[in-house]
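As structure tokens, the structure follows; a few thoughts come after it.
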């Protein structure tokens, strides 16, 4: 939205709508987490939920909420129909990933594999707008990327070494006690912690450009495909590499802690982008509004960093490395992000009144 937002009832206008949605989704995330033991939370529960995220991104960004066609349904039936479709695709994906990539178990490699798949879906939707399948029918182009993403990740993970925890306190340790229980990639040129952190920053940077309304790519007249994707992806790759070098060098962070800092930043960024719909920056408009939202995202992310640590420590107790990092990260984005999209986009923050339709 450009310029100043028009006045609207509090049930529709920001920030009231966002505050209500944030309270609802945070409560749901807490209920899910408090219902789990740590092995299930970091295992099958998180894998199942994260397997819904790629199709959720395709439904929201790639299909712009218009496919499957549910506009004729009132809320909450529209949200339930979209949730059913998302859940079906996500469940089939989770079953396939657990049995094919995990040798019938939802262990840490499976979680990492799913995270890589989510990031690939983010790149496909935010960088490339589902290109090169963008000329296909809505259903075909989305499902083509949903199928292609895990295939790409299969080859990407071949570049990684999952043999050990390279940055554990006290020195490197085996990734799995008793040896690797499945044919995971071993001996690749890149440590899995390094690859995971760098790859996740590609997603965080992609969402950053969305928060800034894709500046400076709009100024360079690159808002078409494949020009946008071919410009944005290399820029993100270079920036992610620079962030990794600075974070693990002068700042002295080990890769997974740098990853968690990025997840905390994305937590704040996605609250502003999805839950508050770019408020308050949209009141200012332009690049200034985007930078205001960026600053707010960093502040919210810093608060979320400590909040997630406290919530997870209160429920799970003291956790060893790297479970402490993964528990907080899963709560922040693995649970909250899909709930934000589900409630704010699919359910349109029901039972609040629906927002006025966008002008064509």
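Since every read-out is calculated from the coordinates, none of them should be taken as a lab result. Nothing here was measured: the structure is a model prediction, and the numbers come from that model. Note that each Cβ is placed from the backbone with ideal geometry, even for glycine, and that neighbours are counted across all protein chains shown.
Values as computed for the structure displayed
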item: D_trans [Stokes-Einstein, Kirkwood Rh over alpha-carbon pairs] for the chain, 37 °C, 0.692 mPa s, µm² s⁻¹; result: 156 µm²/s
item: Length-normalised contact order of region 180-314 in % [C-alpha pairs under 8 Å, at least 6 apart]; result: 27 percent
item: Descending principal axes extents, region 260-358, alpha-carbon based, whole Å; result: 48, 32, 16
item: Binned Cα-Cα distances of region 1-119, short to long, each 10 Å bin given as a whole percent; result: 12, 30, 35, 17, 5, 0
item: Most mobile of 327, 318, 21 in a GNM of the chain (Cα contacts under 10 Å); result: 318
item: The chain: angle of helix 16-34 to the longest principal axis, Cα-based, in degrees nearest 10; result: 30 degrees
item: Calculated SAXS-style log₁₀ I(q)/I(0) at q = 0.12, 0.13, 0.19 Å⁻¹ - region 181-244, Debye, Cα scatterers; result: -0.40, -0.45, -0.76
item: Residue exposure sequence - 66, 355, 345 - by fewest surrounding Cβ within 10 Å; result: 66, 355, 345
item: Relative contact order of region 47-198, defined on C-alpha pairs under 8 angstrom at six or more residues apart (%); result: 24 percent
item: 166, 328 arranged by Cβ crowding within 10 Å, fewest neighbours leading; result: 166, 328
item: Footprinting exposure proxy for 223, 237, 259, 232 (fewest neighbouring C-beta atoms within 10 Å first); result: 223, 237, 232, 259
item: Rounded to 10°, Cα long-axis angle of helix 286-316 versus longest principal axis of the chain; result: 50 degrees
item: Helix 255-270 vs. the chain, principal-axis angle (Cα, 0 to 90°, nearest 10); result: 10 degrees
item: Relative packing of peptides 244-253, 103-112 - highest average C-beta neighbours within 10 Å first; result: 103-112, 244-253
item: Gaussian network model of the chain, springs between alpha carbon atoms under 10 Å - residue of 336, 236, 323 with greatest fluctuation; result: 323
item: GNM top mover of 319, 44, 269 - the chain, alpha-carbon springs below 10 Å; result: 319
item: Sequence-separation-based contact order of the chain, relative, with Cα cut under 8 Å and 6+ spacing, percent; result: 26 percent
item: Linear extension gain, residue 81 paired with residue 302, 0.36 nm per residue minus alpha-carbon span; result: 76.0 nm
